[in-house]
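The values are calculated or read from the model by the stated rules, or taken from the named source; none is laboratory data. Bear in mind the structure is a predicted one, so any value in this text is a computation, not a measurement. Methodologically, a virtual Cβ is constructed for each residue, glycine included, from the backbone with ideal geometry; neighbour enumeration extends over all protein chains shown. Calculation scope for accessible area: heavy atoms of the full protein, side chains included, ligands and nucleic acids excluded. Shrake-Rupley method; radii C 1.70, N 1.55, O 1.52, S 1.80 Å.
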Amino acid sequence: MNLNITTKLTKALTALILFSCLAIFVLYLIQRYGTQYAEHKIQEQLEHSGLTSFVHYESVHFDPFTLTPSLENVRFGADSSPWLRFARISLNQYPIKYPDLDVKFWIQESPIASVSGDTKRWMRAAGIETLIGKGSFSSKAEGEKVLSQFKLDIKDVGKISLSSNINLLDQSVNLPELRSDLLASFALGQPEAMLIMYGKAIELRSLDMTYQDAGLIHHLFPQPAIGQESKQSQLDYLTFGSQALGLAAVDSKEAKQIASAIWAFLNKPEKLTLSLSPSSPVNLKALALSASEEKLYNDSNMTITNH
C-alpha cells in the first residue's frame, strides 16, 4: 500500500517537474522570439517614419506573460546629447489590440549637462537643474472615431493632461502611420507638415487640455515682477498675444475674455483648462484658416478657465 502511494507521488512529482521545465522552455521561446519580432517591428516603423537617426535605445524587453514589449534606455535626438532620455517606454496591450495603443514612459533623471542645447534652454527657463518625470499615452479607434489621451508629470514643472476626440475621414489613412508622422513632424521641427498631409483627412470633435502648476509659473513670472506693471498693461499684452496666436482680434471681447483668464492664472497659478468643442466636427485645414483670420476662439467654441 505504502509502495503504491510512493510510486504515485513519484510519478506526480516527475510530471510536475517535467511540466515546469516545459513551461519555462515555452516562456523562454515566447520571450526570445517575441523580443526579436518586437524589435523588428519597432525598427521597421522607425525606418518607415524616418526617425531612425532620432530614436536610440539600448534594448527591447518582451514580457512573455502580457505579450508586451518595452524599450529600455531610450534617447530622442542626438545619441550623445539627446533632447530627452527615457528609462523605459512600455507598449502595453501590443499587439493584441492593434491598432489601439497604450504607452507608459518614465523620463530618466537627466542633469542639465547631459541633454541637448534646446532642452538645456528649456530647463534653464523653467528653473530646473535635473529633469525627471513620467507619463502615458493611449489611443483607441472606434470606427472612424479615434479617442486619445496624453498625460505628463514633470517634477518642479507641473502636470499636463490632453485628451482628443477626432474623426478619420479618409479610410486609407493608417492610424499607426498617422502617429508616426505626428511624432516625426515634431521631431523634425515641422508640425505644419501635418496640415499638408492630413488637413482634410482629420476632423476635430473635441480637445481638452489641463495644466496644473508645480512651480513653473512662479519661476517664469515672479509675483513682484507681475506687480511692477499695471493690471491693464498686462491685460493689453495678453490680448495682443491672443491675436498673434490667431485666437481673436485684439480689440474683440473674446480677446479680453482670454486675457482675463490667463491673467488670473498667472497671478494665482493652480490649474488652467483649455477646451475646444466645435458645434460640429471641423477639419484641421478649416481650423488653420480660422486661426489665420483670428477667429479660432469662436469657431472652435473654445473656453479657457482658471480654477
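Residue selection: Ile24 fails the criterion of being of a type outside the set (D, E, K, R), over 29 Å from Lys140 (Cα atoms), modelled with pLDDT under 75 and in a helix (DSSP H, G or I). With respect to (1) assigned to a loop (DSSP other than H, G, I, E, B); (2) over 28 Å from Asp208 (Cα atoms); (3) touching a residue at least 24 places away in the same chain (Cβ under 8 Å), the lone exception for Thr52 is condition (3).
Can you go through Lys145, Lys120 and tell me which one is under 29 Å from Asp208 (Cβ atoms) and open to solvent by 50 Å² or more (accessible area, probe 1.4 Å)? When all the criteria are applied, what remains is Lys145. Among the residues making up segment 38-71, those that are closer than 25 Å to Ile24 by Cβ, touching a strand residue (DSSP E or B) at 6+ places or on another chain (Cβ under 8 Å) and surrounded by 14 or more Cβ atoms within 10 Å (Cβ to Cβ) are Ala38, Glu39, Val60, His61, Phe62, Asp63, Thr68, Pro69, Ser70. One residue stands out in segment 188-202 among those that are of a type outside the set (Asp, Glu) and assigned to a loop (DSSP other than H, G, I, E, B): the one that is farthest from Leu51 (Cα to Cα), namely Lys200.
Number of residues in segment 242-251 that are open to solvent by 20 Å² or more (accessible area, probe 1.4 Å) and outside any helix (DSSP H, G or I) equals 5. Taken together, Asp213, Asp181, Asp156 contain a single residue that is touching a residue at least 60 places away in the same chain (Cβ under 8 Å) and open to solvent by less than 50 Å² (accessible area, probe 1.4 Å), which is Asp181. Out of everything in segment 265-294 that is of a type in the set (Ser, Thr, Tyr) and open to solvent by 30 Å² or more (accessible area, probe 1.4 Å), what residue ends up being nearest to Thr305 (Cα to Cα)? Step by step, filter segment 265-294, then rank; the result is Ser277. Across segment 159-178, the number of residues qualifying as over 17 Å from Ile217 (Cβ atoms), open to solvent by 50 Å² or more (accessible area, probe 1.4 Å) and not hydroxyl-bearing (Ser, Thr, Tyr) comes to 6.
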